[in-house]
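Everything below concerns the one structure shown next.
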Amino acid sequence: MSSIVTETAGLAGTRTGARRSSLWRDTFAKLKKNKVAMCGLVFLVIMFLFCFIGPFFSPYASGKVNTVMINKPPSMAHWLGTDNLGRDILTRLMQAGRISLTVGLAAMLLSVFIGSVLGVVAGYYRGVVDQIVMRFADILMTIPGLPLLFIIGAILSEWKVPTDYRIYIVMLMLSLIGWPELARLVRSQILSLREREFMQATESLGLRDHRKLFFHLLPNTIPILIVVATLRVGGAILSESVLSYLGLGVVPPTPTWGNMIDAANTLIDFQKRPWLWIPPGFAIFATVISINLLGDGLRDALDPKMKR
Amino acid sequence: MTNALLTIDHLQTHFFTPSGVVKAVNDISLRVREGETVCIVGESGCGKSVTAMSVLGLVAEPQGKVVGGDIRFDGVDLLQLSPLEKQQLRGNDIAMIFQEPMSSLNPVLTIGEQIMEPLWEHLLLSKKEARAKAIELISLVGIPRPEEIMNAYPHQLSGGMLQRIMIAIAISCNPRLLIADEPTTALDVTIQAQILDLLREIKETYNTAILLITHDLGVVAEMADYVVVMYAGKVIEEGPVLELFSNPRHPYTRGLLQAKPVIGQRKKRLNSIPGQVPNLIGLADSCYFHDRCESCMSVCRLKQPELKQIDDGHRVACWLYEEESGLA
Ligand SMILES: Nc1ncnc2c1ncn2[C@@H]1O[C@H](COP(=O)(O)OP(=O)(O)O)[C@@H](O)[C@H]1O
Ligand SMILES: [Mg+2]
């Protein structure tokens, strides 16, 4: 069936660059102009390659204890020296990075998931659901994050949770303190989005609630979610490091940047063997800074006031 | 004559606001027959949109409420439906087109996704079938290169094209009634005519009944079979379009018809009806139009006229046409 009344064809030709995800291309183009954010992004890519591909090129990847090579300073064989069990620091740094980055990303993903689902539901249904979710979030937000983590970490140590599981539990702990902020953010967005005209149109189409919530409302919050989620990865990596440094997070033999710095706990290591703690310290510092720079860059690039 | 598809009887929709009860729709009755186009005309703020929203059960909760009357669609009482039944009715049997095509589409979803949604939801089509049907719908509403449009985002299209897309979405499930709330008000005049042509074509092809809301008498003249003139939440005159245009009775309808500019009759000033629609809160028991009416009588300030049949199918609510007016 064809129509008699046809839209002028020329209009369609000029106005439609019709390609998927033009928003993302716009954003990326703007991000590319931001030198500082690009530095952060490039550093993060390098850091990921270093941690996830690097160990394949290392002769010390097995992490075997080597009693003759204990606490040796950097040399041609061991570029960053060795630790108190004779393991290569450079290799351990990569392996620790795998864990730290994974924990940071996983904790972020989990808190984004919990936070956005609860935020969407609270913002859309309002009323009792909203009250319950947001009061719960408030409670979690009023307790300072780190002390809460210390307490949970201490309980875990007390219960003698197997070390293999601790990494997952650390992820859960970090997302537990991470989701309230995201839920609050998403909820506030939903509260205004739900009054928009296109939501009235979805009502008039008789769409089911789960479609309205997760297909129509949630995608509208993605730009801001991305910014916050990026920044959260940095926060999660920091928190994990602090916990692991204090022995309350991921514990050896699983390496993380945090528990590698633990070496600096003894005065002699701190003063005489800086190769033990400077590399992981630098890795944490540089990674978190890069993430924050990238997050700020994304925020600017996605700012609707600077858009179109 | 075919039977009524939509019957609204003595509908009252009120908004309970802090400053008082807004009687946005105050005792309205109308019917739309199968395949018929009924136009609701009136100045803005007279309750046209609220009438439409009441039909779909979308009156803004919690302050808005249908407090009286009933609405029947094909014999089914819409006010008694469960939320699930309402959901199945909307978009499927009754579809709606809004005034602002730009803001009625979700900015972050592609046109294709938004057209396919009701097809999944109501017709339970598979992804592939829905896609094929969506492409067919886009070309049906007269947009070239539908495959390309499927992947476009709303901000990439013009207002006229978006309104066509809205129409495509509205007719996707073959609704029996299409409610169009000022579908052309936000568009350029040339585009406006195209959209009206499209609506008329759809009506003829699918025998869809249309409830068209507008404040533009030009649109009415072009589209309507039957016209309902609303003022301050009430029907003040109604009749078949030719009868009403050639023989308007209510001073308000006359005013509206005179307010429309006519080519070749340039006057110093366009006719307009002095004053404005009264505040809908706490209206007195008078004819709501009395303070703007040039033929206002004493009875008009005291009592409200009822909608009375004067000719075949032509009804008016005005004391000028009531025999008893002299008695009161
Ligand atoms: N959500 C609402 N709350 C309070 N009053 C409302 C609401 N929606 C509409 N109204 C009132 O109802 C009346 C009719 O509105 P509407 O039907 O939108 O007019 P129109 O004829 O221009 O479409 C107006 O006076 C408006 O102020
Ligand atoms: Mg309106």
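The values are calculated or read from the model by the stated rules, or taken from the named source; none is laboratory data. Everything quoted here is computed from the prediction, not taken from an experiment. Cβ placement follows ideal geometry from the backbone for every residue including glycine, while neighbour counts extend to all protein chains displayed.
Condition check ((1) in a helix (DSSP H, G or I); (2) more than 23 Å from A:ARG194 (Cβ to Cβ); (3) of a type in the set (A, V, I, L, M); (4) in contact (Cβ under 8 Å) with a residue 12 or more places away in the chain) across all residues:
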residue: A:VAL112; (1), (2), (3), (4): yes, no, yes, yes
residue: A:GLY119; (1), (2), (3), (4): yes, no, no, yes
residue: A:ALA122; (1), (2), (3), (4): yes, no, yes, yes
residue: A:ILE151; (1), (2), (3), (4): yes, yes, yes, no
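When B:LEU187 is tested against the conditions (1) in a helix (DSSP H, G or I); (2) more than 15 Å from the chain's Cα centre (by Cα); (3) within 16 Å of ligand 2 (Cβ to nearest atom), the lone failure is (1). Within segment A:279-308, the set of residues being under 29 Å from A:PRO162 (Cα atoms) and of a type in the set (Val, Ile, Thr) comprises A:ILE284, A:THR287, A:VAL288.
When B:HIS14 is tested against (1) in contact with a helix residue (DSSP H, G or I) (Cβ under 9 Å, 6 or more places away or on another chain); (2) in contact (Cβ under 8 Å) with a residue 12 or more places away in the chain, only condition (1) is not met.
Okay, residues lined up against (1) in contact with a Gly (Cβ under 7 Å, 6 or more places away or on another chain); (2) within 25 Å of B:THR185 (Cα to Cα):
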| residue | (1), (2) |
| --- | --- |
| B:GLY20 | yes, no |
| B:ALA24 | yes, yes |
| B:ILE28 | no, yes |
| B:GLU34 | no, no |
| B:VAL41 | no, yes |
| B:LYS48 | yes, yes |
| B:VAL55 | no, yes |
| B:GLY69 | no, no |
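When the residues of segment B:230-249 are filtered to those that are within 13 Å of ligand 1 (Cβ to nearest atom) and either out of contact with any Cys (no Cβ under 9 Å at 6 or more places or on another chain) or not aliphatic (A, V, I, L, M) (or both), which remaining residue is nearest to the other protein chains (Cβ to nearest Cβ)? Restricting to residues being within 13 Å of ligand 1 (Cβ to nearest atom) and either out of contact with any Cys (no Cβ under 9 Å at 6 or more places or on another chain) or not aliphatic (A, V, I, L, M) (or both), the top hit is B:GLY233.
For segment B:15-53, the set of residues classified as over 15 Å from the mean Cα position of the chain (by Cα) and near ligand 1 (Cβ under 9 Å from one of its atoms) consists of B:PHE15, B:PHE16, B:THR17, B:VAL22, B:LYS23, listed by residue number. Would you confirm whether or not segment B:121-141 contains a residue that is modelled with pLDDT of 90 or more, outside any helix (DSSP H, G or I) and at the interface with chain A (Cβ under 10 Å from one of its Cβ atoms)? Yes, some residue in segment B:121-141 is modelled with pLDDT of 90 or more, outside any helix (DSSP H, G or I) and at the interface with chain A (Cβ under 10 Å from one of its Cβ atoms). Tell me yes or no: at least one residue of segment B:186-203 is within 16 Å of ligand 1 (Cβ to nearest atom), closer than 14 Å to B:ILE97 by Cα and away from every other protein chain (no Cβ under 11 Å). Checking segment B:186-203: at least one residue is within 16 Å of ligand 1 (Cβ to nearest atom), closer than 14 Å to B:ILE97 by Cα and away from every other protein chain (no Cβ under 11 Å). Considering segment A:161-209, the residues that are among the basic types (Lys, Arg) and assigned to a helix (DSSP H, G or I) include one that is farthest from the other protein chains (Cβ to nearest Cβ), namely A:ARG166. Of the residues making up segment B:142-162, those that are within 7 Å of chain A (Cβ to nearest Cβ) and either in a loop (DSSP other than H, G, I, E, B) or not small (Gly, Ala, Ser) (or both) number 13.
For the condition acidic (Asp, Glu) and free of Cβ contacts under 8 Å to residues at least 24 places away in the same chain, B:GLU61 qualifies. Quick one: how many residues across segment B:36-88 are hydroxyl-bearing (Ser, Thr, Tyr) and more than 16 Å from ligand 2 (Cβ to nearest atom)? Number satisfying all stated conditions: 2.
Report yes if some residue within segment B:57-66 is more than 12 Å from ligand 1 (Cβ to nearest atom), away from chain A (no Cβ under 14 Å) and surrounded by 17 or more Cβ atoms within 10 Å (Cβ to Cβ); otherwise report no. Yes; the residues of segment B:57-66 include at least one that is more than 12 Å from ligand 1 (Cβ to nearest atom), away from chain A (no Cβ under 14 Å) and surrounded by 17 or more Cβ atoms within 10 Å (Cβ to Cβ).
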